[in-house]
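Structure first, commentary second.
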Amino acid sequence: MSKISRFGKELYTGERSFDFVGRRILWYVISAVVLVIVTGGLMLQGGLNLGIDFTGGTRYTVTVQQADQELADELRSAVGDTDVTAADGATVRTAGGESIVIETKAIADGSEADQSIIEAITATADVPEDDISRTGIGPSWGERVATKAGLALGIFLVGVVLFIWIYFREWKMSVAAVVALFHDVLLTVGVYAIIGFEVSPATVTGFLTILGYSLYDTVVVFDKVKENTRNLSLKKQTYAQAANLAVNQTLVRSINTTIVGLLPVVAILYVSAVQLGTSSLKDISLVLFVGMAVGTYSSIFIATPLLVHLKSREKDVVDAEKRAEARMREADKYAAVPVFDDGMPVPAADEPEELRESEPDDLHEAGVARGTSPNTSPTGRGRNVPNQQRSVSDSGAAGRPQPKRESRSKRK
């Protein structure tokens, strides 16, 4: 068995465990600090870099023989060198093998600025003006796109709450899952804003995708929590211990799934950002990369610890905690009982008979083992010898004389 397989087996059986639930305050603090940092970065950047699909603008699509990144960079420089203010910071990207898309702020059709942009494109790409198609996108279209995206997000969140509530029959699991989702979205939005990538419809698609991925990982952990905490009153674990075991049991699976999912996303991000330059693939791949990594983190460090925190006052959970404390006290009750150890002195077999017979006869007759004193040394199963109340005598209840045990020195 490999080390990884052995490690996973030990986590599943509980032989090895990481205390994710017990340190939930630490995870809350770390998450809060990261969220403050990314929120500050979002505010310093002045918000997200929204594309023209949301803010409105003008899109020029140029048909060329070979669309590559070198020609796209040349067109970006040529358009930026014009005196058109709306062309500052224009977005230029390839679209397939024979098209290049140039997006600027809104420019009136047929205006002098519009003609300057077209002339710069024709001169740089060496194409006729007929190979350039112009599309104007108004702000109202961007508002409709943003409204539909928000509506889709709202429907998704409502569906999440209802699904988890119906499947697990536990509304607190729904709350914990939604909080983890908001954590993932806010962190991903902050990172996206700090890097400065443009928000496009592909970005919105990526956001919805990472929400589904994060929810999937959280549901897997919650399903294991439900399995471990079923019939909690019959188990020796507390709710927190059972939930922490569930996280450890799914830890290796979550890590492996995340790595396998991130590998193709990293490849797409590298190709789109380095090889192809600006493209819609770069937008969606960055969202997927950040969101998938954060989703795994939230399912382990946010969702399950928060669930345990929310259920900490329930009667079944409190009773399980009390039973665990009672078991601990019961175990400590016998912790001071001396037991035989290799280092303890053992009476010599050749001890003189005088010493052996020097013990009080009345104790021996009372059934106290030789070599012990009353109520000082445990005998039998860890019990103390009771104090002697009176000497042992015949009660006469049997109606006949009873045999008496005499000490060795009085035997004939």
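The values are calculated or read from the model by the stated rules, or taken from the named source; none is laboratory data. All values reported here derive from a predicted model rather than from experimental measurement. Positions of Cβ are backbone-derived with ideal geometry, glycine not excepted, and every protein chain shown enters the neighbour counts.
General observations
- Residue list for segment 278-325, restricted to those being in contact with a strand residue (DSSP E or B) (Cβ under 9 Å, 6 or more places away or on another chain) and outside any loop (DSSP other than H, G, I, E, B): SER280, LYS282, ASP283
- Some residue of segment 105-120 being of a type in the set (Val, Ile, Thr) and farther than 22 Å from GLU198 by Cβ: yes
- Inclusion of LEU151 among residues that are in a helix (DSSP H, G or I), more than 28 Å from ILE300 (Cα to Cα) and in the same structural domain as LEU307 (by TED's automatic domain parsing) is warranted.
- Residue match in segment 187-201 (condition: in a helix (DSSP H, G or I) and either free of Cβ contacts under 8 Å to residues at least 40 places away in the same chain or within 18 Å of the chain's Cα centre (by Cα) (or both)): yes
- Enumeration of residues in segment 100-143 that are in contact (Cβ under 8 Å) with a residue 40 or more places away in the chain, of a type in the set (A, V, I, L, M, F, W, C) and over 19 Å from LEU71 (Cβ atoms): ALA106, ILE107, ILE137, TRP141
- Checklist (1) of a type in the set (Val, Ile, Thr); (2) more than 27 Å from the chain's Cα centre (by Cα); (3) within 25 Å of GLU143 (Cα to Cα); (4) at pLDDT 80 or above applied to THR55, failing item: (4)
- Total residues in segment 109-148, condition touching a strand residue (DSSP E or B) at 6+ places or on another chain (Cβ under 8 Å), farther than 14 Å from GLY80 by Cα, hydrophobic (A, V, I, L, M, F, W, C) and part of a helix (DSSP H, G or I): 1
- Residue match in segment 163-184 (condition: surrounded by fewer than 16 Cβ atoms within 10 Å (Cβ to Cβ), in a helix (DSSP H, G or I) and among the charged types (D, E, K, R)): no
- Members of segment 147-186 found to be of a type in the set (D, E, K, R) and closer than 23 Å to ARG230 by Cα, listed by number: ARG169, GLU170, LYS172
- Being touching a Gly at 6+ places or on another chain (Cβ under 7 Å), buried (at least 17 other Cβ atoms within 10 Å of the Cβ) and in a loop (DSSP other than H, G, I, E, B) holds for only one residue in ALA106, ALA72, ALA67, and it is ALA67.
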